[in-house]
Structures are given as structure tokens and as C-alpha cells.
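Working notes, beginning with the structure itself.
The values are calculated or read from the model by the stated rules, or taken from the named source; none is laboratory data. Remember, it's a predicted structure, so these values are computed and weren't measured experimentally. FYI the Cβ positions are ideal-geometry reconstructions off the backbone, even for glycines, and counts take in every protein chain you see. All accessible areas refer to the heavy atoms of the entire protein, side chains included, with ligands and DNA or RNA removed. Shrake-Rupley method; radii C 1.70, N 1.55, O 1.52, S 1.80 Å.
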Amino acid sequence: MDLIMGMNSGSSFDGIDVVLAETEMDADGFPKAPRFIAGGSYDWPEEVKEIVTASFENKVDMVGLNRLNYICGAVFAEKAVQFMKENNINSRDIKVLGLDTQTIYQEQPDHKAIAEMTVEQKADWPGRWLSKAYPAGFQMGESSVIANLTDIDTVTHFRPADHTWGGSAAPLMPYLDFIMFRKKENPSMTLNIGGIANLHLASKDRRQMFGFDTGPGNVISNYMCKKLFGLEYDKDGMIAERGNVNADLLDHFMKHPFFDRPVPRSGWIADYSAEYIDSVIEKFKYLPKEDIIATACAFTGAAVAKSMTDNIPADIIAKTNTLYASGGGVKNPAIMKEIQARIPQNIRLTTSAEIGIPPEYKEAVKFATIAYSTIHCVPGNIPAAGHASQYAILGKIALAPRNIKGGAEFVR
Ligand SMILES: Nc1ncnc2c1ncn2[C@@H]1O[C@H](COP(=O)(O)OP(=O)(O)OP(=O)(O)O)[C@@H](O)[C@H]1O
Ligand SMILES: CC(=O)N[C@H]1[C@@H]2OC[C@@H](O2)[C@@H](O)[C@@H]1O[C@H](C)C(=O)O
């Protein structure tokens with residue numbers, strides 16, 4: 001068995017998750033379902049947090065972004081090393097470290113425009129991006145800084161390979177789901193509830209898979225909690241539990257233009273910007289604040305249900321009996337209750353703990369698994385889910401100093 005490490009810091013930007021897992025290559029040429037061993041969560045340093053948060057709002061200039069890339073690489077390396085110390089892990093025992101680093105911005109593909117492009121237009125490679133049809137994402141965390149400071153071979157920036165083939169590359173969860181569920185007869189659905197939520201249909205046949213963002217996970221509730229109650233988030237859904245769902249506000253939320261985007265759609269926190277949420281709060285300021293938070297949770301649930309029934313064929317939904325949820329939203333009972341109440345009743349909502357992965361660490365396990373696949377030259381994208389035109393090996397590999405050949409004088 002090989003030990004692998006993964007890290008994640010996502011759109012909620014609530015901390016850095018680190019995991020240790022083990023796997024090995026299976027006879028079918030894919031990694032075996034990873035076994036989760038340990039996980040830890042670490043805070044971003046306050047000073048760095050401020051810069052990253054400003055970058056989400058496009059308030060950091062090129063000079064600042066240049067430095068931020070190195071700073072984020074150093075923070076990820078520091079937390080990886082702290083995690084290894086706390087868990088008595090020697091970096092030399094780790095086969096690979098995988099992380100996407102910190103996304104600060106992303107533009108999804110225009111799948112319709114890509115489908116309509118002529119062969120000549122596609123052959124104009126720069127034109128793919130000049131036309132804005134192809135997607136692009138911006139991640140902070142320099143791979144070489146991480147590999148050099150941790151002394152572990154590191155794979156980062158998984159999305160651009162899939163982007164090159166017109167894929168949305170977000171969510172990337174379908175690959176881990178394929179690895180976890182590929183030996184099961186019936187399709188399985190999973191849901192990740194981070195800042196943004198995403199739904200996946202896993203199948204032993206990768207050509208039958210789906211993966212797309214459904215809308216908000218915690219992003220609206222988090223922002224509202226900060227604005228209305230001065231809290232980072234609604235711990236254990238306590239505020240939402242005291243409120244009632246308001247039908248008018250829910251209707252208003254459901255008119256959000258995100259639903260007009262065809263799947264495989266991909267979102268970013270900018271879709272639910274401060275401006276948008278402030279306008280909602282202003283329009284519905286006559287409601288009790290608790291009702292506004294309760295309705296934000298109902299919106300998460302209604303968006304999951306609508307995205308599922310609008311986009312996954314009814315016969316597949318009928319064959320699915322379990323939805324395995326992960327991400328921090330799993331800890332908000334109001335969100336979980338709203339999802340269960342709104343999805344088709346044949347589907348039982350549970351968490352990824354049932355398949356051995358603690359829900360808060362599934363994303364980090366995903367990046368560890370994709371990195372392991374990358375170093376074995378196994379493609380980590382799922383074209384059926386993200387609509388890339390072909391399979392691709394994801395990520396950029398940065399080799400650790402321990403690989404230096406030529407004598408001890410080169411090695412620390
Ligand atoms: N005890 C809790 N009660 C309620 N909500 C919680 C709790 N713990 C975490 N959360 C929610 O989960 C969020 C963090 O989720 P997660 O770490 O999955 O997000 P992320 O990885 O940043 O997001 P994304 O998947 O969009 O990139 C917090 O911001 C909060 O809203
Ligand atoms: C570009 C990027 O970082 N996208 C993330 C983000 O967070 C949620 C949503 O936007 C999703 O599409 C993706 O994360 C999921 C979990 C993934 O890649 O699997």
C-alpha cells in the first residue's frame with residue numbers, strides 16, 4: 001500500500017484540511033478505493049486570510065497576486081508539515097501530496113459556444129480562450145514551493161488539463177466517486193456541500209456519470225450570518241432552526257439566473273456575491289432575521305432537488321436509493337433536513353462516513369487520489385460529467401529535493 005496525502009481549501013475559505021490515506025493500483029488499472037487514515041484542519045494565518053479574501057473581490061493587484069502565490073504555497077507547506085509532525089509521519093513515507101491550492105476566481109466554460117465552434121475555430125488555440133468560450137481558473141499556491149518545503153512530490157492545479165479540452169473541471173469529485181463506487185452494480189449519487197454545492201452520479205461506466213454544481217451550499221447562509229448576527233456561520237443550524245421558511249423569499253431565490261446555465265454547470269462564490277445577497281436582505285428586511293437564514297437553507301435544499309430532477313434521468317433517480325453527502329454543510333441540520341425533504345422520496349440522505357470517508361475530509365481525499373492517479377498516468381477527469389472532449393492526466397507535478405541524484409552534498 002502507498003501512503004498519500006491530500007489538502008483542500010475551498011470556496012468557504014474556512015480553513016485548510018489535510019488528510020492521510022492509503023491506496024495502491026488495482027488490477028483494473030485504477031487506484032483502489034482509498035482508505036482514510038487521519039485528517040486535520042488548520043486556520044489560515046490572519047494576515048494571509050485578509051489578502052486572499054480581498055483577492056476574491058478582485059482587490060489585489062498583479063504585484064500582490066505574484067507574492068500571494070508564493071505565500072499560499074508556503075502556508076500549504078507549513079500546514080502539511082505540521083500535520084505530519086502531529087501524526088508522526090515521515091515525509092519520505094508519503095508517495096505523493098495532492099492539492100488544487102486556493103482558487104480565487106474561475107470562469108466556467110460556455111458549453112454551447114464550444115459545441116458551435118468550427119474545426120478551424122478550435123484549431124486557433126489562443127482563440128479558444130480569447131473568445132471566452134473555454135474556461136479558466138486562477139489558483140494561488142506555487143507547486144514548487146510546496147514540494148521543496150515539504151520534501152514530498154506534489155501535484156497541484158488539476159483543473160487546467162480538463163479546461164484545455166473544454167471541460168468544466170469543477171466539480172472534480174466525479175473521479176473519486178468513480179474510484180469509490182466503480183464496483184457497485186447500481187448508480188450512486190453523492191453531494192458535496194461546501195460554499196457551493198455539487199451533485200454527482202457515479203457509475204461503473206464512466207460514460208454514464210454526471211457532475212455539476214447545484215447552487216449555493218453554505219455561501220448564502222454564511223454571509224447572512226455574518227451580516228445579520230456577526231457570526232462566521234450558523235453553528236449546528238441553531239439560528240435556522242428558530243426560523244420559518246418564507247415562500248416568497250424562496251421563490252425569489254429560485255429565480256436566480258444560475259439555473260439558466262446548462263449542466264455541467266459550475267459556479268463560484270461570485271455567483272452569490274455580497275451585492276446579490278445584500279439586495280435580497282434589503283428586499284426582505286421585513287422578515288425576522290431567523291426566517292431569512294432558514295430560507296437560505298431551504299434554497300440550498302430546493303436547488304439540490306431542482307438540479308437533480310431537471311438533469312438526471314428519472315429512471316436513474318428511481319434506481320438510486322442513497323445520496324452520500326460530504327462537506328461542511330453536512331454539519332448544518334437545517335440544510336440536511338431541507339435537502340431530504342425536497343429530493344425524491346426514494347432517496348435516503350446520509351453522509352460519506354458510510355463509505356469510510358469523514359464528510360469534512362472528502363475533498364482532501366479526492367485531491368490525494370487524483371494526484372496518485374496522475375503519477376501513474378491515469379486520467380483524473382470524467383468527460384461525461386464535465387463535457388471535456390477527451391480524457392486527460394490532471395495536474396502539475398513538482399518533484400521534491402529527495403529525488404536529487406548525484407550525491408549527498410545536494411541533499412539537506
Ligand atoms: N458545526 C457546523 N454547523 C453548521 N455549519 C458548519 C459546521 N461546520 C462547518 N459548517 C459549514 O461548512 C462550511 C465549510 O464547508 P467546506 O469546508 O466543505 O467548504 P469548502 O471546502 O470551502 O467549500 P467548496 O466545496 O465550495 O470549495 C462552513 O463555512 C460552514 O458554513
Ligand atoms: C474552481 C473550484 O475551485 N471549484 C470548486 C468550488 O467549490 C465548489 C464548486 O466551486 C466546485 O465546482 C469545485 O469544488 C468541488 C467540490 C470539486 O472540484 O470537486
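To keep it simple, each residue is scored yes or no on (1) assigned by the TED database to the domain that holds Leu201; (2) within 20 Å of the chain's Cα centre (by Cα); (3) more than 18 Å from Leu228 (Cα to Cα).
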position	(1), (2), (3)
Arg242	yes, no, no
Asn246	yes, no, no
Gly301	yes, yes, yes
Thr320	yes, no, yes
>> Going residue by residue through the stretch 243-264, is there one that turns out to be open to solvent by 50 Å² or more (accessible area, probe 1.4 Å), at pLDDT below 95 and hydrophobic (A, V, I, L, M, F, W, C)?
In response: no
>> Looking at the structure I just gave you, is Ile347 touching a Ser or Thr at 6+ places or on another chain (Cβ under 6 Å) and either without any contact (Cβ under 8 Å) to a residue 12 or more places away in the chain or outside the structural domain of Asp17 (by the TED database) (or both)?
In response: yes
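Yes or no, residue by residue, for (1) within 13 Å of ligand 2 (Cβ to nearest atom); (2) in contact (Cβ under 8 Å) with a residue 24 or more places away in the chain; (3) of a type in the set (Asp, Glu):
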residue: Pro187; (1), (2), (3): no, yes, no
residue: Asn192; (1), (2), (3): yes, yes, no
residue: Ile196; (1), (2), (3): yes, yes, no
residue: Arg207; (1), (2), (3): no, yes, no
residue: Asn218; (1), (2), (3): yes, yes, no
residue: Cys225; (1), (2), (3): no, yes, no
residue: Leu228; (1), (2), (3): no, yes, no
residue: Asp234; (1), (2), (3): no, yes, yes
> Checking Tyr105 against (1) touching a residue at least 60 places away in the same chain (Cβ under 8 Å); (2) more than 16 Å from ligand 2 (Cβ to nearest atom); (3) open to solvent by 70 Å² or more (accessible area, probe 1.4 Å); (4) not basic (Lys, Arg), which single condition isn't satisfied?
Replying inline: (2)
> Residues in the stretch 338-361: is at least one over 30 Å from Ile4 (Cβ atoms), of a type outside the set (A, V, I, L, M, F, W, C) and surrounded by 21 or more Cβ atoms within 10 Å (Cβ to Cβ)?
Replying inline: yes
> With Ala388, Ala318, Ala341 as the choices, which residue is among the aliphatic types (A, V, I, L, M), out of contact with any strand residue (DSSP E or B) (no Cβ under 6 Å at 6 or more places or on another chain) and within 15 Å of ligand 2 (Cβ to nearest atom)?
Replying inline: Ala388
>> Any residue at all in the stretch 3-12 that's under 26 Å from Ile152 (Cα atoms) and surrounded by fewer than 20 Cβ atoms within 10 Å (Cβ to Cβ)?
In response: yes
>> Could you check the stretch 159-186 and list, in sequence order, the residues that are more than 19 Å from Ala33 (Cβ to Cβ) and within 13 Å of the chain's Cα centre (by Cα)?
In response: Arg159, Ser168, Ala169, Ala170
>> Please go through the stretch 115-144 and give me each residue that is open to solvent by 30 Å² or more (accessible area, probe 1.4 Å), under 29 Å from Phe13 (Cα atoms) and not in a loop (DSSP other than H, G, I, E, B), ordered by number.
In response: Trp129, Ala136, Gly137, Phe138, Ser144
> In this structure, does Lys112 turn out to be under 29 Å from Val263 (Cα atoms), surrounded by fewer than 19 Cβ atoms within 10 Å (Cβ to Cβ) and basic (Lys, Arg)?
Replying inline: yes
>> Just to verify a result, which residue in the stretch 215-227, among those that are in contact with an Asp or Glu (Cβ under 9 Å, 6 or more places away or on another chain) and open to solvent by less than 60 Å² (accessible area, probe 1.4 Å), is nearest to Ala170 (Cα to Cα)?
In response: Gly215
> What number of residues in the stretch 283-337 are in a loop (DSSP other than H, G, I, E, B) and surrounded by 24 or more Cβ atoms within 10 Å (Cβ to Cβ)?
Replying inline: 2
> Where in the stretch 153-230 are there strands (runs of 3 or more DSSP E), lying fully within it, with 2 or more residues that are within 12 Å of ligand 1 (Cβ to nearest atom)?
Replying inline: 188-193, 196-202, 210-216
> Is the stretch 63-83 home to any residue that is in a loop (DSSP other than H, G, I, E, B) and open to solvent by 30 Å² or more (accessible area, probe 1.4 Å)?
Replying inline: no
